[in-house]
Structure formats: structure tokens, C-alpha cells
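Colleague: Have a look at this one before I ask anything.
The values are calculated or read from the model by the stated rules, or taken from the named source; none is laboratory data. Everything numeric here is computed off the predicted structure, so don't read it as measured data. All Cβ positions, even for glycine, are placed from backbone atoms using ideal geometry, and neighbour counts span all protein chains on display.
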Amino acid sequence: MANFPRYAIYFTAAQGSALDQFGSALLGYDAYGGGDLPFPSGLPSDWRDLTQDPRKYGFHATLKAPIALADGKAETRLAAACELFADLARPVPVIRPVVEAISGFIAVIPAEPSAELEVLAAEATKAFDPFRAPLTPEDRARRNPERLTPRQRDYLDRWGYPYVFEEFRFHMTLTTRLPAERREPAVAMLRERFAATGVGPLAIDAISLCRQEAANSRFRVIGRWQLHD
């Protein structure tokens, strides 16, 4: 079993922003306040079930996947490392966000690849890895390594997560994996709702430190730092 609490470095939209309100309402969970939210009207009757998995993590994009802290590491030191990371001058990625199906689930993703975003994610993978406790055999098995490519398995063993560097894909998840026949209508519905938010070009201009207290807990934002270019 994984040790708890667990921590993750995410991109989360600014609290109260149109994007934050859009994603949090659709997941029925406010990762800043830690409370449930009412779903918007007009959603499918089983929407709660269709958002069960992403609700646990809150509306976010992963930069450093959830970790238990290594021996001798503390939350205060991880938070200090987040502040130092954010203070390093680097280009702030700007993406054009769109709603798409990706690997069977629906998410907000960049319309075009962003080299600056890939660099940011790679730097986060490396910078926060010293805080990561080694994967337990159970954690590794949970990733179904037999289904991964050789490179993904190598990344899992080296970095604790298979989808880093060339395998990284920025996504802010809105649903669980959907049956094929449900994806197209769900994408159309979510695109219409997303267009109504008026969200345009999106600067990936902050990192959030999120904590999960126990296996049955949801992740909650406990700190957010602006990036500097």
C-alpha cells in the first residue's frame, strides 16, 4: 500500500477563474475549498458516475504525479522547493485550450503542441523527484506495467510514473474513460459548455501543491505559486 499523505504538483486554474469554475462544477468538487459542488443543470443522469475518478484528484493537469514523501522529507521542505521552482525564470507556456477525447476520456488539452510546456513538465519531473519515496511493489503493479511500452516501464521504474518526458501529455480531465458510443455526444456537449466560458489563450503560469490525506480522500490544493518569465 502507498504511504499517506501523498503530494502532487499540478497546474490548477486560478481559484474562481472561469476555467476553475467550469472544471470544478463539472467534477462536482472544489479542490481549493475541499467541498462538494452542485452539478450544472442539463448533464446526463449518470454524470456523477462518469466523473467519479477525476473528482478524486480535482480539476488539474499533472506536472509531477502523486508521490509519498521519502524518508527525511517534509511537507514544509516540499513547499519551499515549490517556491524556489516557481521563482526560476523560464518562458511561461501559453496554450489554446480545447476539449477533446484522449485515451477514452475527455479533457481540456492544448490545441497544438507546446515545447515550452513540455520543458516545464520535464523540469518539474526532475526537480521534485528527490522528495519521492520509492514505489512499492503494489504501487508499481497498479500501473499495469505489462501494458506499458518498454520506455514507459523504464520511466515508471526511474521516475515513479510512466508518462513523463516524451510520454507527457498535458490534460485537465473531465470524465472517466467512456464507452465509444458515449464519447462523441459528451465531447460535443462539453465543447459547447466550454465555449460559453469565454476562456481563450491560457497561460500555464503557476504550480499548485496538492495533498491527499488518505486513500479515500480527495486531493486538495494547499499552496499555489506564480511562475516567473
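Colleague: Applying the selection to region 1-23, what residues are within 20 Å of P110 (Cβ to Cβ) and among the hydroxyl-bearing types (S, T, Y)?
Modeller: Within region 1-23, Y10, T12, S17 qualify.
Colleague: Before we move on, is A25 farther than 23 Å from P201 by Cα, without any contact (Cβ under 8 Å) to a residue 60 or more places away in the chain and either surrounded by 15 or more Cβ atoms within 10 Å (Cβ to Cβ) or in contact with an Asp or Glu (Cβ under 7 Å, 6 or more places away or on another chain) (or both)? Walk me through it before giving the result.
Modeller: Numbers: farther than 23 Å from P201 by Cα: no; without any contact (Cβ under 8 Å) to a residue 60 or more places away in the chain: yes; either surrounded by 15 or more Cβ atoms within 10 Å (Cβ to Cβ) or in contact with an Asp or Glu (Cβ under 7 Å, 6 or more places away or on another chain) (or both): yes.
No; evaluated as a whole, the condition is false for this residue.
Colleague: So, in region 72-118, how many residues would count as being basic (K, R), in contact with a helix residue (DSSP H, G or I) (Cβ under 9 Å, 6 or more places away or on another chain) and farther than 23 Å from F4 by Cα? Even if it seems obvious, please write down each step before you answer.
Modeller: At the first step, the residues of region 72-118 found to be basic (K, R) are 73, 77, 90, 96.
The next check asks that each one be in contact with a helix residue (DSSP H, G or I) (Cβ under 9 Å, 6 or more places away or on another chain); those that pass are 73, 77, 90.
If we keep only those that are farther than 23 Å from F4 by Cα as well, we get 90.
Within region 72-118, residues that are basic (K, R), in contact with a helix residue (DSSP H, G or I) (Cβ under 9 Å, 6 or more places away or on another chain) and farther than 23 Å from F4 by Cα number 1.
Colleague: Still on this model: Give the residue, chosen from F11, F39, F59, that is modelled with pLDDT of 95 or more, over 30 Å from A141 (Cβ atoms) and among the aromatic types (F, W, Y). Can you show your working first?
Modeller: Working: F11 fails: over 30 Å from A141 (Cβ atoms); F59 fails: over 30 Å from A141 (Cβ atoms).
Just a single option satisfies the conditions, and that option is F39.
Colleague: In the set A74, A8, which member is more than 19 Å from R177 (Cβ to Cβ) and touching a strand residue (DSSP E or B) at 6+ places or on another chain (Cβ under 7 Å)? Spell out the reasoning first.
Modeller: Working: A74 fails: touching a strand residue (DSSP E or B) at 6+ places or on another chain (Cβ under 7 Å).
None of the other options fit; the residue is A8.
Colleague: Kindly indicate whether any position in region 3-20 is under 21 Å from P134 (Cα atoms), touching a Leu at 6+ places or on another chain (Cβ under 7 Å) and not aromatic (F, W, Y).
Modeller: Looking through region 3-20, at least one residue is under 21 Å from P134 (Cα atoms), touching a Leu at 6+ places or on another chain (Cβ under 7 Å) and not aromatic (F, W, Y).
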